[in-house]
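Here the structure comes first, spelled out in structure tokens, and everything after it is commentary.
The values are calculated or read from the model by the stated rules, or taken from the named source; none is laboratory data. It should be emphasised that the depicted structure is a prediction, and the values quoted were computed from it without experimental measurement. Positions of Cβ are backbone-derived with ideal geometry, glycine not excepted, and every protein chain shown enters the neighbour counts. Quick note on the areas: whole protein, heavy atoms, side chains included, nothing else; ligands and nucleic acids left out. Shrake-Rupley method; radii C 1.70, N 1.55, O 1.52, S 1.80 Å.
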Amino acid sequence: MTSPVTGPYAAGEDESGGTGPFVARGSARPRAMSRRALGGWVAAALVTTLLLVVSVPIASGVDRASTVIAVLLSAAGGLSVRQPVLGAVAVGTVLTLGLGNGPAHIGTGILASPVTIAACAARGHLLTAIGMASWHVIPPAVSGVLRGDDPEFLISQVMLWLVLQTGAVLAGTWGRMLTGRIREERSRRLTDLAEQRRAIARELHDTGVRAMTRVVMLSEDAAMRPGIDAADAVQFSRISGTAREATEELRVLLDALRTADTAETPLAASAEPRCTIGLGELLEALRLRLLAEGFTAQVSLEGDRTLPVPRQGVLERCLREVEANVIRHGDRCVPVAVLGELCLPGAENDSGHPRLELLIRNGIASAPASAPRGGAGLDGMHERLAQSGGRLETRRDGTLFLTRLTLACTRPAPPDARADAASRRGDTPGGTGEDGRA
């Protein structure tokens with residue numbers, strides 16, 4: 001291992017005081033709007049460029065006025081992506097003013113017209129699209145008359161543009177209908193997911209919470225029975241405390257399932273971290289719990305033992321799962337070793353932040369303790385760590401089982417900076433400011 005890092009690092013806190021995967025919901029909407037606006041202007045620029053490529057080379061071979069008209073029509077066509085009506089009016093104005101120049105050659109620049117008509121229809125301005133389509137057909141027809149085009153050719157050109165404009169109106173209307181159906185389907189899907197969340201919450205309450213509440217009541221009643229041994233009373237108190245803790249976390253999870261704004265709102269890992277605990281205290285608590293279960297546990301941590309980590313964050317959740325695995329499968333005759341170190345950024349750490357490495361070694365019992373079937377604990381640890389940029393490694397070495405956790409540590413923001421960030425996000429005072437990563 002590399003030399004330890006000391007100092008005020010907080011495992012799993014970002015520098016802005018944000019909440020990682022649990023970012024305040026109020027800050028997501030402005031970012032989504034800004035991304036949509038940026039995407040709209042990018043699309044407008046692409047449409048303008050495409051129209052310029054199609055029309056300018058041809059118009060430049062006629063005269064300068066035709067080139068200017070082609071550029072203006074291309075710009076109006078791109079503008080219609082963001083402002084359809086304004087773009088359609090600009091196209092009609094340019095086509096009308098072009099009649100005063102001899103008339104000027106329009107050529108492929110007229111392709112900007114169907115773009116604006118389709119955009120108007122797609123935004124729901126159907127009558128405006130039909131009116132603008134009629135307006136855009138008149139200047140090319142008048143231009144052909146002023147040039148003295150053959151009547152049959154002129155009629156065929158007018159019919160062609162009428163068909164093109166009609167197709168643009170139909171395409172825009174169809175696109176709007178298709179978009180509406182997609183939105184309705186997405187809304188229905190989100191509603192179904194929200195209902196599934198509520199159904200899961202009901203089932204968890206009627207099964208898990210009720211069962212855990214019953215365990216609390218039975219264990220507390222047993223601890224108060226006359227003549228019970230002190231050791232048995234302590235065991236019943238431990239059972240009651242564990243059940244109460246599980247019940248409270250289940251209730252917080254049920255509240256999150258029921259009160260989420262949308263079905264896409266990410267859920268915090270049970271209770272959201274509202275306070276921090278030193279890394280040394282967290283590992284010491286793990287050691288004491290293992291001692292209470294009859295194990296001999298040793299903890300060695302190199303680095304800053306006061307490093308703050310959020311309660312009920314990723315690190316504590318993973319340590320709880322490690323504890324459960326040790327109790328279920330561990331050999332009580334073999335000491336459990338927990339080795340921790342803060343590592344400097346290196347070749348394996350592209351984030352530029354220190355990383356916390358924990359290695360847990362325990363023996364494997366020949367006859368594991370009888371316990372309810374699990375099976376998804378390691379998968380859950382792997383998913384939690386992967387979401388935070390960490391990783392999990394487990395392997396069996398003879399009669400020993402090794403678990404290695406790696407998690408990023410980032411510098412915590414000062415209290416005043418967190419308050420400013422919370423006020424910008426619209427959070428209420430006292431809200432969580434810790435990242436769920438640790």
ask   = Considering segment 50-101 alone, what residues qualify as being free of Cβ contacts under 8 Å to residues at least 12 places away in the same chain and buried (at least 19 other Cβ atoms within 10 Å of the Cβ)?
value = Thr67
ask   = If you take the residues of segment 330-373 that are in contact with a Lys or Arg (Cβ under 7 Å, 6 or more places away or on another chain) and exposed (fewer than 15 other Cβ atoms within 10 Å of the Cβ), which of them is modelled with the lowest pLDDT?
value = Ala371
Single condition Ser16 does not satisfy, out of (1) modelled with pLDDT under 85; (2) assigned to a helix (DSSP H, G or I) = (2)
inquiry  = Tell me whether segment 217-228 contains one or more residues that are surrounded by 15 or more Cβ atoms within 10 Å (Cβ to Cβ), out of contact with any strand residue (DSSP E or B) (no Cβ under 6 Å at 6 or more places or on another chain) and acidic (Asp, Glu).
reply    = yes
inquiry  = Taking the conditions exactly as written (part of a helix (DSSP H, G or I), basic (Lys, Arg), modelled with pLDDT of 85 or more and within 29 Å of the chain's Cα centre (by Cα)), does Arg181 satisfy them or not?
reply    = yes
query = Which residue out of Leu164, Leu170, Leu146 is open to solvent by 60 Å² or more (accessible area, probe 1.4 Å), modelled with pLDDT under 90 and under 45 Å from the mean Cα position of the chain (by Cα)?
reply = Leu164
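Kindly evaluate Val81 against the criterion of being under 35 Å from the mean Cα position of the chain (by Cα) and not in a helix (DSSP H, G or I).
Values: under 35 Å from the mean Cα position of the chain (by Cα): yes; not in a helix (DSSP H, G or I): yes.
Yes.
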